[in-house]
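No lab work stands behind these numbers, since they all come straight from the coordinates. Only a predicted model underlies this, so the values are computations on that prediction, with no experimental measurement involved. As a convention, Cβ positions derive from the backbone with ideal geometry for all residues, glycine included, and neighbour counts pool all protein chains shown.
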Ligand SMILES: [Zn+2]
């Protein structure tokens, strides 16, 4: 009898040990899943362009965007160019002051209004920051570019950026990281082979860039410049030029996009209109929406 109890105790201990080991293993794998979880959000904000839709208006709308974005607390913000309408001391000072109000990191790309000439390019580098650079976030690479150097090349400067871009993408490829390109001009508006216009990039440059992006695991190309929402897909690469906070030509409300990055492709991005800015009605894919502070479903 006592031998029987002894055997039972041994069996009970073994069972407990097995349960404990399986519990520890399950915790470890769940922690592993968490550390591997790449889910995060960031904001795409386009053309604050202080002075485009009326100086005071643009200052206030950009301030409102900062406030709403701080409330949302994304991992970071990307500003897709045309920070100001006229690149003078006051505009950049006002931009920097409002931009400093973000409580999350903010990364800016320059637009044609910021760096339209060699003189303003040098000024931008002093007054704002670098015009092209890259950073990493949770296993993704973000490559910020100066698209004005492709739209209207500056001798010396354009070649330097091209060389830097190729080297940067090659280095990222070795790490097998998906890449977001963040700039200002869209490569194309409707069709990758369309002629060059004011809003898109020269055809030859565009072809070279598309090949380069395809080769180096670029997953999305973000920009502004069009002052209207343009969404395209090229061989699985998402191209999004989004709503501004200064003036939209397509009657959409002013606002910004929140991107949700997960394993789900294509990546989801949701429009968030600015609150307290009068926009009567606009057409969405879901029909007419009255806007005050409503969020539009995903595009
Ligand atoms: Zn522009």
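With the simple spin-label model, which puts each label point 7 Å out from Cα in the Cβ direction, the residue 39 to residue 118 separation comes to 5.1 nm.
Taking 0.36 nm per residue of sequence separation and removing the Cα-Cα distance, the residue 247/residue 133 pair yields an extension gain of 38.3 nm. Taking label points 7 Å from Cα along the Cα-to-Cβ direction, residue 212 and residue 260 give a separation of 3.3 nm. Gain on full extension, evaluated as 0.36 nm per residue between residue 89 and residue 195 minus their Cα-Cα distance, stands at 34.6 nm.
Taking the number of Cβ atoms within 10 Å of each Cβ as an exposure proxy, the fewest-first ranking of 147, 103, 205 is 103, 205, 147.
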